[in-house]
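**Student:** Please read through the structure below; I'll follow up with questions.
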Amino acid sequence: MSTRLKWQKSSFSGGGEGNDCLELASSPTHIRLRESDTPTTALTTSPATLAHLLKGIRTGTL
């Protein structure tokens, strides 16, 4: 059975005109990211992998 993803706009995307924003959808095991101007292309990752990437960016180790 397939469930439809609920995409949410990033709170950092601002309120300007156009589709310049990052969108996020999650399931119990995956997180999906996409650009609103190319919604058919999405990056799929695990919550742990994304957390590791974000920690590396915040701490400057990546």
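**Student:** Got a sec to turn the phi values of segment 52-62 into Karplus ³J(HN,Hα) couplings, 6.51 cos²θ - 1.76 cosθ + 1.60 with θ = phi - 60°, whole Hz, x for Gly and Pro?
**Tutor:** 3J(HN,Hα) across segment 52-62, in whole Hz: 5, 4, 5, 4, x, 5, 5, 8, x, 8, 10.
**Student:** If you stretched the chain out fully between Leu50 and Thr38, how much longer would it get, using 0.36 nm times the residue separation minus the C-alpha to C-alpha distance?
**Tutor:** Details: separation 12, 0.36 × 12 = 4.32 nm, distance 2.06 nm.
Once the chain is fully extended between Leu50 and Thr38, it gains 2.3 nm.
Here, each number is a calculation from the coordinates, and none is a lab measurement. Values in this document were obtained by computation on a predicted structure and should not be read as measured data.
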